[in-house]
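The values are calculated or read from the model by the stated rules, or taken from the named source; none is laboratory data. This structure is a prediction, so every number in the text was calculated from the model and none was measured. Please note: Cβ atoms are built from the backbone with ideal geometry, for glycine as well, and neighbour counts cover all protein chains shown.
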Amino acid sequence: MQSIPKIDFLKKSSQQIEGFEWVDFGDLLQQASLPKDHSPFQFHRLQFNIILMIVEGEVDHKVDMETHRVKAGDCLLIFSNQIHAFDPQSLYKGGLILATDAFLQQHISPALMRYIHHHHRFPPNKKPIHAPKLCGNLLSALRNDQWKNPLLQKEYIGASLTLFYTQLLNLTSESNANDHLKGEYKLFNQFYHLIQKYSTQSRDANWYAAQLGITYKHLNVICKEFIDQYIMLEAKRYLLSSQSSIKEISYQLGFDEPTNFQKYFKRHSKLTPRSFREQYI
């Protein structure tokens, strides 16, 4: 069985910036420029982060098994370790920003990056964001020769990305004010980090509520079904991006018995792990 390839950051242009690159779709998806080791139109797992911006037309872009309709003026944030695929039937017109985790950690504040991950990597706000002015400003900044000054280029790009992310979060916060209450966000963010650390040890929401010092009901109001969503997303990624057996994956995800994992997966997806894997591969 062929597994979904992992794609490392590999600079293909003359831009001399470690861990960062921006490209025009016209250059990226030309037949002569397509990579030899994988097809961009099939699922592949990123080892870096992407800001996908469409300036003309509409495309269907797949991220973590979901198909998003991305229109002119939209941007789509794709994070490292996610899987995605371009639409072979659509003509992408716009820009694509690539940045490694190391570059973002060095040039964007940790607090801002945690906020971005919280509001855009998981439901309810992982869909494309309509922000034509912000996308246009960012593309204009990157096309400006000032950022090519070798003494200031990293700082210029870091400042441009910080401004973009900050304004993007402000835009989404205004349209989803009820989802961004300060206290609720703090609890959700703490819960998210607990999930990352202990998801293979516990799927009991009561246990997580106790760690946060709140009731189960309160936790359920803040992030209903988040545990299952996270486990299912990781399960789907394992199934599609590795050649591990279903038995091995069940143990990797913390299930005592493979049959328990199979029942759990089918309950949340209506498919068995094997059927899901065969559907995509």
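Could you tell me whether any residue of the range 223-232 is of a type in the set (A, V, I, L, M), under 16 Å from the mean Cα position of the chain (by Cα) and within 27 Å of Thr272 (Cβ to Cβ)?
Applying the first criterion (of a type in the set (A, V, I, L, M)) to the range 223-232 yields 227, 231-232.
Checking which are under 16 Å from the mean Cα position of the chain (by Cα) leaves us with 231-232.
Checking which are within 27 Å of Thr272 (Cβ to Cβ) leaves us with 231-232.
Yes, the range 223-232 contains a residue that is of a type in the set (A, V, I, L, M), under 16 Å from the mean Cα position of the chain (by Cα) and within 27 Å of Thr272 (Cβ to Cβ).
Which ranges mark the helices (runs of 4 or more DSSP H) fully within the range 172-262 that have 1 or more residues being closer than 30 Å to Asp74 by Cα and at pLDDT below 85? It would help to see each step written out before you state the result.
Details: elements: 182-198, 205-212, 216-222, 226-241, 246-252.
Answer list for the range 172-262: 182-198, 216-222, 226-241.
Looking only at the range 126-148, count how many residues are at pLDDT below 90 and touching a Gly at 6+ places or on another chain (Cβ under 6 Å).
Matching residues across the range 126-148 total 1.
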